[in-house]
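Take a look at the structure set out below.
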Amino acid sequence: MRKTGAEARGIRLNRFLARAGCASRRSCDDMIFDGLVTVNGAVETSPGRRILPGDEVRLSGRPVTSARTAVYALNKPLGVEVTMSGGRGDEFRALIRGTAPGCVPVGRLDMNTGGLLLLTNDGELSQRLMHPRYRVEREYLLEVPRGTSVSAAAALGAGASIGPGRPCIPASCKPAGCSSVALVLTSGRYHEVRRLAEAVGVVLLGLERVRYGPVRLGRLPRRALRELSREEAAGLYRSVGLEAPDQA
């Protein structure tokens, strides 16, 4: 039976390796040029080689498998450390049990921050979502003392220096009730929301991420996990200049 569409065209070798989590696509190009990759037993030096179902790909002699690509949304509870390692990761691993092989979190949320955490086994998608070059929006809901949301939004919206590098300037910041502020950032720096609040003197009582790019937390219950719909995943891929797997 003849295959059609994406299945017939296959996927570029460099993208196959990046999706499998081997490295960024550019680094995968270098490994291919260096002769470290074989396809069906022969060294392949063209990043554009199309990989079809059934092809055997090896990197430095080790087989590379590309599991079904999947993206999940988790409503992370407070008090859980986002780590996959050792005993410290037991609770987090329990939360994501049942996800497709190779799924890891896209970035982190600290123990005292709850809300939307994305997980995927597509290495290239994960790297692009976190890279500041793509300016992917992260929206947070900040809990502040009652009656201070207007002044807090004004202070946060003005931005501030939070350490070496460029100042932290929100893409948008507005009151979301008398005790909440909706803040959107695109840089993805370490603890940037808490550092910004401290820098401008805003008292932060609680913090939750409610959106990552086009994906919203919505009504997903705390501790719950769901796989993104095909439409949601396609929108997420488009936000960083990629085609979704079924469109490759």
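The values are calculated or read from the model by the stated rules, or taken from the named source; none is laboratory data. All values reported here derive from a predicted model rather than from experimental measurement. When we count neighbours, we look across all protein chains shown, and the Cβ atoms used for this are built from the backbone with ideal geometry, even at glycine.
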Flagged pairs (Cβ under 6 angstrom, 6 or more apart or on separate chains; first in the range 151-172, under 23 Å from Gly213 (Cα atoms) and surrounded by 19 or more Cβ atoms within 10 Å (Cβ to Cβ); second acidic (Asp, Glu) and modelled with pLDDT of 95 or more) are Cys168/Glu192
Tally time: how many residues in the range 91-103 are surrounded by fewer than 15 Cβ atoms within 10 Å (Cβ to Cβ) and either assigned to a loop (DSSP other than H, G, I, E, B) or in contact (Cβ under 8 Å) with a residue 60 or more places away in the chain (or both)? 3
Quick check, is Ile32 in contact with a helix residue (DSSP H, G or I) (Cβ under 8 Å, 6 or more places away or on another chain), at pLDDT 95 or above and not small (Gly, Ala, Ser)? yes
Filter pass, Val144 being over 14 Å from Tyr72 (Cα atoms) and at pLDDT 95 or above: yes
Collect the residues in the range 50-76 that are crowded, with 19+ Cβ neighbours inside 10 Å, modelled with pLDDT of 95 or more and not polar (S, T, N, Q), keeping them in residue-number order. Val57, Val71, Tyr72, Ala73, Leu74, Lys76
Filter result (in a helix (DSSP H, G or I) and either buried (at least 18 other Cβ atoms within 10 Å of the Cβ) or in contact (Cβ under 8 Å) with a residue 12 or more places away in the chain (or both)) within the range 17-35: Leu17, Ala18, Arg19, Arg25, Cys28, Asp29, Met31, Ile32, Phe33
Pull out all pairs, ordered by first then second residue, where Cβ-Cβ is under 9 Å, the residues are six or more apart or on different chains, the first lies in the range 59-87 and is over 18 Å from Leu109 (Cα atoms), and the second is basic (Lys, Arg) and modelled with pLDDT under 95. Ser66/Arg19; Thr69/Arg19
Look through Gly177, Gly165, Gly206, Gly188 and report the one residue that is outside the structural domain of Arg108 (by TED's automatic domain parsing) and over 24 Å from Pro77 (Cα atoms). Gly165
Name every residue in the range 133-164 that is in contact with a Cys (Cβ under 7 Å, 6 or more places away or on another chain) and outside any strand (DSSP E or B), in order of residue number. Arg146, Gly147, Ser149, Ala153, Leu156, Gly157, Gly159, Ile162
